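Structure, as C-alpha cells:
The values are calculated or read from the model by the stated rules, or taken from the named source; none is laboratory data. These numbers come from a predicted model, not from an experiment. Neighbour counts are summed over all protein chains in view; Cβ atoms, including those assigned to glycine, are modelled from backbone coordinates with ideal geometry. The protein model used for the area step is the full one, side chains on, heavy atoms only, and it has no ligands, DNA or RNA in it. Shrake-Rupley method; radii C 1.70, N 1.55, O 1.52, S 1.80 Å.
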Amino acid sequence: MPTYRRTTRVPAPIDEVWTFHSTIDGLRELTPDWMRLRVTGVTGPDGEPDPDVLAEGSEIGMSIRPFDVGPRQRWTSRITEREPGEGDDPGDRARFVDEMTGGPFRKWEHTHAFYADGEETLLVDTVAYRLPFGPLGDAAGPFAKVGFEGMFRDRHRRTIARFER
C-alpha cells in the first residue's frame, strides 16, 4: 500500500502542539483554504456532540471541494488510536490515528506523530492509502503523493506559523 510522509520541526513544546492537533478547531485551522473544508458534525466516543478533544472513538463528518472544482467530496473519519504519552504530559512522544470510514479513498489511515526535542516538537504525518478504481487506482497510487504534497506542506507551514514566537 502506498504511503506519504512529511516531517516538520515545530518551535513549541510537544504538549502545546499535541493539544492543538487534538481538537476540531485545530483541524479547521490547519486545513488549507483551497480545500474548502466544511465540518458537518463531530461526535465523541460516547455520542456526545462537539467534544472538546478528539478522543479515540470520535467521529468527524466533513466535506471538501478543492479549488471549488467538481462536486463536494464527503468524508467521515474516526479516531481509532490515541496515545497521549505517560501521565498528564505527553512526555517524549504522542500519536493519534484517524481512519476514513466513508469517502473517496478505498483506504486512508493518517497517523499524526509528535516527538519531543527539547522545547521543540517533531511532527510526522504518515498516510497509508489506496485510491478508488481497483487495479487502475493501485497503479496510480504512487503518483497521488504529488497531490498530497501541497496540502501537507501547507498544513505544516500553518502549524509552524501558529507557534512561532
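Of the heavy-atom accessible surface of the chain (probe 1.4 angstrom), what whole percent is carbon and sulfur? Working shown, then result.
On the way: 4470 of 8920 Å².
Answer for the chain is 50 percent, counting heavy atoms of protein chains only.
For the residues D98, D125, D154, a GNM of the chain with alpha-carbon springs under 10 Å puts the largest fluctuation on D154. Between T80, T101, T40, the Gaussian network model of the chain with springs among Cα atoms under 10 angstrom shows the greatest mean-square fluctuation at T40. Within the shell defined by Cβ-Cβ distances under 13 Å, the residues around G141 carry a net charge of +3, with Lys and Arg each +1 and Asp and Glu each -1. Taking amide hydrogens as placed 1.01 Å from N in the peptide plane, the amide H of A12 sits under 5 Å from those of T121, each at least 5 positions away in sequence or on another chain. In the chain, helices alone account for a calculated mean residue ellipticity at 222 nm of -7500 deg cm²/dmol, with every DSSP H run of four or more residues adding -39,500 (n - 2.57). Which loop-located GluC sites (Glu not before Pro) does the stretch 117-150 contain, where loop means any DSSP state but H, G, I, E or B and the Cβ has at most 11 other Cβ atoms within 10 Å? Those satisfying the criteria are E119. When only the Cβ of Lys, Arg, Asp and Glu is charged (+1, +1, -1, -1), the dipole of the chain relative to its Cα centre reaches about 1180 debye.
Solvent-accessible surface of the chain, taken per residue with a 1.4 Å probe and all protein chains present: 54 Å². Largest GNM mean-square fluctuation among V17, V146, V97, using the chain with Cα springs under 10 Å: V146.
Computed extension gain for E29 through E99, at 0.36 nm per residue and net of the alpha carbon distance, reaches 23.2 nm.
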